[in-house]
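A.B. asks: I am attaching a structure below and will ask some questions about it afterwards.
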Amino acid sequence: MEPRNFDGDADRPRPAGAKQTGRVLVIGPYLRVRAGGADAPSESHVTSHQILRDAQARLDEAAGLARAIDLVVADAIIAPISQIRPATYIGKGKVEEIAALAKSLDVELVVMDCALAPIQQRNLEKELDAKVLDRTGLILEIFGRRAKTKEGSLQVELAHLNYQRSRLVRSWTHLERQRGGFGFMGGPGETQIEADRRLIQERISKLEGELKKVQATRRLHRAGRQRVPYRVVALVGYTNAGKSTLFNRLTRADVQAADMLFATLDPTLRALTLPHGGKAMLSDTVGFISNLPTQLVAAFRATLEEVLEADVILHVRDISHEDAEAQQSDVDAVLRQLGINPDDSGRIIEVWNKIDRYDSEQREELLNIAARRPEDHPAMLVSAVSGEGIDALLAAIEQRLAAKRTTLDLSIDAADGAGISWLHRNAEVLAKELHDGRFDMTVRVDETKRDIVVNRFDAVPRVA
């Protein structure tokens, strides 16, 4: 279904039939951008068509979020607003028009693609006579359904409770009752809403304690990985950018990869074999999205610590998407929230995925754009589906990891099988030649193994 602009004067046909379960109306209440106004874009060349197209892309994404939890999108419309109303977010006239449309479409749920205050959500539910869910609530619902592991479930529940705690303002009758105090001399007691808040806070405290145990376990796992020459490479990117498909291509794994938002939620680690035989650990993480709820960023910090500790971060972009630049900005914003500098060229590699969607002429244009980028900010063009560009990407990963390792030359007796085996297990063997019963070898080792190799094999650093 094509989302449509809805500015107040469109008549909608009234469908026949009974109300269907799971039908939803998606509303994009986006602020109008006035040319030259305070909320106008800084780029003077932005046209009204581009602004509308941006809003359309945002609405498409919101409809995709609704479909991600199997809701039937009866309609998706843009409701432009000139200012945000404290009571209902949108103006009274818009509320009445949307209420009429919701009734005509027999929808049970109205999704507002914005962040609603609790009072705004309550007022809209009264006026629209339907359940209202804002963007944050919708994303939390998706995460709740996708979490498979115990850790994922804990993180989602914590985020949901923090969100729900601020929304105990509904006019439900059970929230107005009071419960008696303890003992016969108790005071007026506490209202049900206070009791609910107390119970939620108790549950939050328990979940935070359990997640601290998760963080401690992850720290132990990372410490274990640091005792072997495995470095960590983390995939980050906008949801549905193709991270999981690329993960499967690089590691020959079978992680779920689907054309849907947030197909992957729980983190996955697999071994990654580099061109010269070295090993690294590749981590697939949850996808980011614009206006990612702060509750989720905080709750998933235990998972995202894999990104914080990664030696190399692959920022995977769906370069074929019409809003690719805006998606990049959204990912950069989340990285900054995590304390990662998105401009750190020594650590971050930008991966332009889905080039298989372009014809040869368009690919040539992309290559020219990539070639004009600064040397310290290259872009790797790949197709996770066809495998195009994967070898070059692996070489780039190896090069970044090698910058943090030492290259050594050594000569070892060919009869020293144990020593040769140790080198193959604990270092990258770049070259190996047999001369007069000895192996002349060039190896690349982690900083933690450098002294061991130098002392045991009389190795010397290679001169650049």
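The values are calculated or read from the model by the stated rules, or taken from the named source; none is laboratory data. The model shown is predicted, which means the values in this text are computed figures rather than measured ones. Because the Cβ atoms are built from the backbone with ideal geometry, glycine has one as well, and the counts that use them run over all protein chains shown. For accessibility, only protein heavy atoms count, side chains too; no ligands or nucleic acids. Shrake-Rupley method; radii C 1.70, N 1.55, O 1.52, S 1.80 Å.
A.B. asks: Restricting to the stretch 73-88, name every residue that is outside any loop (DSSP other than H, G, I, E, B) and within 16 Å of Leu59 (Cβ to Cβ).
C.D. replies: Start the filter on the stretch 73-88 by keeping residues that are outside any loop (DSSP other than H, G, I, E, B), which leaves 73-78, 81, 85.
Once the filter is applied, which keeps residues that are outside any loop (DSSP other than H, G, I, E, B) and within 16 Å of Leu59 (Cβ to Cβ), the stretch 73-88 yields Val73, Ala74, Asp75, Ala76, Ile77, Ile78, Ile81.
A.B. asks: Can you go through Gly437, Gly419 and tell me which one is at positive phi and in contact (Cβ under 8 Å) with a residue 24 or more places away in the chain?
C.D. replies: Just one listed residue meets the conditions, Gly437.
A.B. asks: Would you tally the residues in the stretch 137-162 being open to solvent by 20 Å² or more (accessible area, probe 1.4 Å) and out of contact with any strand residue (DSSP E or B) (no Cβ under 8 Å at 6 or more places or on another chain)? If you could, list the steps in order and put the result at the bottom.
C.D. replies: In the first step, residues of the stretch 137-162 are kept if they are open to solvent by 20 Å² or more (accessible area, probe 1.4 Å); the result is 141, 144-146, 148-151, 153, 157, 160-162.
Right, trim to out of contact with any strand residue (DSSP E or B) (no Cβ under 8 Å at 6 or more places or on another chain) and you get 144-146, 148-151, 153, 157, 160-162.
So the count comes out to 12.
A.B. asks: In the list Ile397, Ile452, Ile412, which residue meets the criterion of being under 30 Å from His377 (Cβ atoms), among the β-branched types (Val, Ile, Thr) and out of contact with any Lys or Arg (no Cβ under 6 Å at 6 or more places or on another chain)? Write out each step before concluding.
C.D. replies: Values: Ile452 fails: under 30 Å from His377 (Cβ atoms); Ile412 fails: under 30 Å from His377 (Cβ atoms).
Of the residues listed, the single one that is under 30 Å from His377 (Cβ atoms), among the β-branched types (Val, Ile, Thr) and out of contact with any Lys or Arg (no Cβ under 6 Å at 6 or more places or on another chain) is Ile397.
A.B. asks: Would you mind telling me which numbered condition in (1) under 19 Å from Thr273 (Cβ atoms); (2) touching a residue at least 12 places away in the same chain (Cβ under 8 Å); (3) among the hydrophobic types (A, V, I, L, M, F, W, C) Ala431 fails?
C.D. replies: Among (1) under 19 Å from Thr273 (Cβ atoms); (2) touching a residue at least 12 places away in the same chain (Cβ under 8 Å); (3) among the hydrophobic types (A, V, I, L, M, F, W, C), the lone unmet condition for Ala431 is (2).
A.B. asks: Name the single residue, out of those in the stretch 403-422 being within 30 Å of Arg347 (Cα to Cα) and out of contact with any Phe, Trp or Tyr (no Cβ under 7 Å at 6 or more places or on another chain), that is surrounded by the fewest Cβ atoms within 10 Å (Cβ to Cβ). Write out each step before concluding.
C.D. replies: Just the residues of the stretch 403-422 that are within 30 Å of Arg347 (Cα to Cα), to begin with: 403-410, 422.
Remaining after also requiring out of contact with any Phe, Trp or Tyr (no Cβ under 7 Å at 6 or more places or on another chain): 403-409, 422.
Values: Ala403: 11, Lys404: 13, Arg405: 21, Thr406: 19, Thr407: 17, Leu408: 22, Asp409: 16, Trp422: 16.
Within the stretch 403-422, the match that is surrounded by the fewest Cβ atoms within 10 Å (Cβ to Cβ) is Ala403.
Yes/no per residue for (1) outside any helix (DSSP H, G or I); (2) modelled with pLDDT of 75 or more; (3) of a type in the set (Lys, Arg); (4) touching a Pro at 6+ places or on another chain (Cβ under 8 Å):
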| site | (1), (2), (3), (4) |
| --- | --- |
| Glu97 | no, yes, no, no |
| Val110 | yes, yes, no, no |
| Leu116 | yes, yes, no, no |
| Leu154 | no, yes, no, no |
| Arg197 | no, yes, yes, no |
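For (1) within 27 Å of the chain's Cα centre (by Cα); (2) in a helix (DSSP H, G or I); (3) modelled with pLDDT under 90; (4) of a type in the set (Asp, Glu), each residue gets a yes or a no:
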| residue | (1), (2), (3), (4) |
| --- | --- |
| His315 | yes, no, no, no |
| Asn341 | yes, no, no, no |
| Trp352 | yes, no, no, no |
| Asp391 | yes, yes, no, yes |
| Ala395 | yes, yes, no, no |
| Leu408 | no, no, no, no |
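A.B. asks: Please determine, by comparing only the residues of the stretch 68-124 that are touching an Asp or Glu at 6+ places or on another chain (Cβ under 7 Å) and polar (S, T, N, Q), which one is surrounded by the fewest Cβ atoms within 10 Å (Cβ to Cβ).
C.D. replies: If we take residues in the stretch 68-124 being touching an Asp or Glu at 6+ places or on another chain (Cβ under 7 Å) and polar (S, T, N, Q), then Gln121 is surrounded by the fewest Cβ atoms within 10 Å (Cβ to Cβ).
A.B. asks: Could you tell me whether Leu434 is buried (at least 19 other Cβ atoms within 10 Å of the Cβ) and at pLDDT 90 or above?
C.D. replies: Working: buried (at least 19 other Cβ atoms within 10 Å of the Cβ): no; at pLDDT 90 or above: yes.
For Leu434, the condition - buried (at least 19 other Cβ atoms within 10 Å of the Cβ) and at pLDDT 90 or above - is not met.
A.B. asks: With respect to the numbered conditions (1) modelled with pLDDT under 80; (2) open to solvent by 20 Å² or more (accessible area, probe 1.4 Å); (3) touching a Ser or Thr at 6+ places or on another chain (Cβ under 7 Å), which one is the sole condition not fulfilled by Glu127?
C.D. replies: (1)
A.B. asks: A further question follows. Could you check Asp356 against (1) assigned to a loop (DSSP other than H, G, I, E, B); (2) among the charged types (D, E, K, R); (3) under 25 Å from the mean Cα position of the chain (by Cα) and say which number it fails?
C.D. replies: Checking Asp356 against (1) assigned to a loop (DSSP other than H, G, I, E, B); (2) among the charged types (D, E, K, R); (3) under 25 Å from the mean Cα position of the chain (by Cα), the one that fails is (1).
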